[in-house]
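Asker: Here you go, one structure.
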Amino acid sequence: MIQQKELKDYIEKGISRSKEISMPVLISQVKEIKNIDPLLFFSAGKREPFETRCFWSNPTNDTIIVGLGEAYTISDNESMERFDAIEEKWKRLVQHMIIVDDFSPYSTGPILMGGFSFDPLKKRTELWDHFDDAKFVLPTIMLSYYKGSTYLTTNIICEPTGTSFVESDLGNLDELIEENHKLQTITSFTKEEVQPKEWKESVRNATIKVQSGEVEKVVLAREIKLHFDERIEADAVLTRLKEEQPMSYLFAIEYENSCFIGASPERLIKKKGDEFLTTCLAGSIRRGKTPAEDEQLENEILNDRKNLHEHDVVVQMIKNAMKESCTSISTPTHPGILKMRDIQHLYTPITGVAKEDVSLLTVVNRLHPTPALGGQPKQKANEIIRELEVLDRGWYGSPVGWFDTNDNGEFAVAIRSGLLKDNNASLFAGCGIVGDSEPESEYTETMIKFRPMLSALGGLNHE
């Protein structure tokens, strides 16, 4: 970490520059450190002064990022221009930053972690009161694990009047990490399905709209609530998700008493250098209880007209967005299968070379929401979701992830997720509705999609 005398010198330099330009100045330093368990580091932050914690890991676990505290927050509300607004505010902040030692491997240095709501035009309920339509945090301290090496980034914001950085933010960190880490034992709870009859009726109404030609496909989400005897600890849930869903993107974004957490199988977009990588994931079926049954179900979905059509709608939309954003793209001609613990999906990857003027958030904006979470055509599907959906999905189905000052970064689609708030958990799942959709079978499909979060919360033991 920055030594105390060195720290004082850089802060004085940052405050002086801030006075000159009448803007905040960011000081950032990266140091390679000994390996630390990222989950233990996340757990160490669940005390003052860190009211905010962020966790991110990709399915191969070669990139894990954990952020503690808020050196700076960038947000935007009720605007269809929120992607541009976040990017512009970030560029303004880092324009005059001071980088110590100029050492910044991939996934380290100044990084924003956060995400977006599904629909800024949908009225936000009290459930999502800590989650703006776009909200990203520059952590005070950030642990990055990348391809076998571990790094610690320290971020300090200097203002003309001084800095909010205090030495206690960092002083006891080694001590905290060395403490024994005990997982919370999940206590008993009650489960509440939110308006299941109304949801099935919304599926019927959406099917009619598809059959009449108003829309090609629309995705409707639903919610279940779990009420616990004591506060749910995000650390315990995240640890169980890591054990049970090792092939997923793991994410947790915690503000005060609310934590949005999940294990998503679906990449939205990754950018490293000038290369984009995205994934088309739509069409799903359960896993088999035996290898033979699993293979039978795989063959079934690979030849199922409804699922293939649903998948192709997603592929065509994403290909068009990538063609708009890239000088060239590459994709297989037929979908493969992505197998998770409880479910298997039709899967098609697409890679592309970025056009010079296309940023990561530009492509996030073009892709969100994909037909796998919204529908097709996009605008009409969104209108129908606002009309028919019986919940506020908040950040469910939205882009969550990170990006840096070099426009590298990665976003997942926030599915297989839930919002933890004190003693309660709201879990979300959705289905793609097409012309021959049946409410009961769609309802059954959502129950499969609830399983990852239910299991991490101890819910499958109660069924």
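The numbers here are math on the coordinates, done by the rules we state, and not lab data. Only a predicted model underlies this, so the values are computations on that prediction, with no experimental measurement involved. As a convention, Cβ positions derive from the backbone with ideal geometry for all residues, glycine included, and neighbour counts pool all protein chains shown.
Asker: By how many degrees, 0 to 90 and rounded to 10, does the Cα axis of helix 439-456 deviate from the longest principal axis of the chain?
Answerer: Rounded to the nearest ten degrees, it is 30.
Asker: I've got another one for you. Gain in length, residue 406 to residue 287, computed as 0.36 nm per residue apart minus the alpha-carbon separation, to one decimal in nm?
Answerer: Result for the pair: 38.8 nm of gain on full extension.
Asker: Turning to a different aspect of this structure: What does the extension gain come out to for residue 99 and residue 438, with contour length at 0.36 nm per residue minus their alpha carbon separation?
Answerer: 116.4 nm
Asker: On to the next question. To the nearest 10 degrees, how steeply does helix 196-211 sit against the main Cα axis of the chain, on a 0 to 90 scale?
Answerer: On a 0 to 90 degree scale, this one is about 70.
Asker: Classify the range 4-178 as rounded, prolate or oblate from the Cα gyration tensor: take a ≥ b ≥ c as the square roots of its eigenvalues, call it rounded if a/c is under 1.5, otherwise prolate when a/b beats b/c and oblate if not.
Answerer: Oblate, since a/c reaches 1.5 and b/c is not below a/b.
Asker: So for the range 353-449, taking the charge dipole from beta-carbon charges (+1 Lys/Arg, -1 Asp/Glu), which of 434, 353, 372 sits furthest toward the positive end?
Answerer: 353
Asker: Give the order of 137, 358, 218 when sorted by the count of other beta carbons within 10 angstrom, beginning with the fewest.
Answerer: Fewest-to-most Cβ neighbours within 10 Å comes out as 358, 137, 218.
Asker: Please compute the Kirkwood hydrodynamic radius of the chain from all pairs of different C-alpha atoms, in Å with one decimal.
Answerer: Computed over Cα pairs of the chain, the Kirkwood hydrodynamic radius comes out at 22.8 Å.
Asker: Now a separate question. Work out how much length residue 231 to residue 341 would gain on full extension: take 0.36 nm times their residue separation and subtract the Cα-Cα distance, in nm to one decimal.
Answerer: 36.9 nm
Asker: If you don't mind, there's one more thing I want to ask. Return the sequence-ordered ³J(HN,Hα) values of the range 280-286 in whole Hz as given by the Karplus equation 6.51 cos²θ - 1.76 cosθ + 1.60 applied to θ = phi - 60°, using x for Gly and Pro.
Answerer: Calculated HN-Hα couplings, in order: 9, 10, 7, x, 8, 8, 5 Hz.
Asker: Moving to a separate point now. Using the Kirkwood radius over C-alpha pairs as Rh, can you work out the diffusion coefficient of the range 1-93 via Stokes-Einstein at 20 °C, viscosity 1.002 mPa s, in µm² per second?
Answerer: In µm²/s, the coefficient is 131.
Asker: What is the angle, in °, between the Cα long axis of helix 291-302 and the longest principal axis of the Cα atoms in the chain? Nearest 10 is fine, range 0 to 90.
Answerer: 80
Asker: Follow-up question, since we're still on this one. Evaluate the Kirkwood expression for the hydrodynamic radius of the range 394-449, namely the inverse of the mean inverse distance over all pairs of different C-alpha atoms, and round to one decimal in Å. Write out the running numbers ahead of the final one.
Answerer: Values: mean 1/r = 0.0728 Å⁻¹.
Here the Kirkwood hydrodynamic radius works out to 13.7 Å.
Asker: Additional query: Sorted by average packing, counted as other Cβ atoms within 10 angstrom per residue and highest first, what order do 233-240, 271-278 take? Please list the in-between numbers first.
Answerer: On the way: 233-240: 21.6, 271-278: 17.9.
Result, highest mean Cβ count within 10 Å first: 233-240, 271-278.
Asker: Which of the listed residues, 42, 443, 69, is farthest toward the dipole's positive end in the chain, when Lys, Arg count +1 and Asp, Glu count -1 at the beta-carbon?
Answerer: Result: 443, furthest along the dipole toward the positive end.
Asker: Also, quick follow-up: Order of 244, 310, 126, 410 from fewest to most other C-beta atoms within 10 Å?
Answerer: The order, fewest Cβ neighbours first, is 126, 244, 410, 310.
Asker: How would you rank 259, 326, 54, going from fewest to most other Cβ atoms within 10 Å of each one's own Cβ?
Answerer: So the residues, fewest neighbours to most, are 326, 259, 54.
Asker: Further question on the same structure: Taking Cα pairs under 8 Å and at least six residues apart, what relative contact order does the chain come out at, in percent?
Answerer: That works out to 21 percent.
Asker: Return the sequence-ordered ³J(HN,Hα) values of the range 69-85 in whole Hz as given by the Karplus equation 6.51 cos²θ - 1.76 cosθ + 1.60 applied to θ = phi - 60°, using x for Gly and Pro.
Answerer: Values, residue by residue: x, 10, 6, 7, 10, 10, 9, 7, 10, 6, 9, 6, 9, 5, 5, 5, 5 Hz.
Asker: With both bridge residues required to lie in the chain, what share of the DSSP beta bridges run antiparallel, to the nearest 5%?
Answerer: 95
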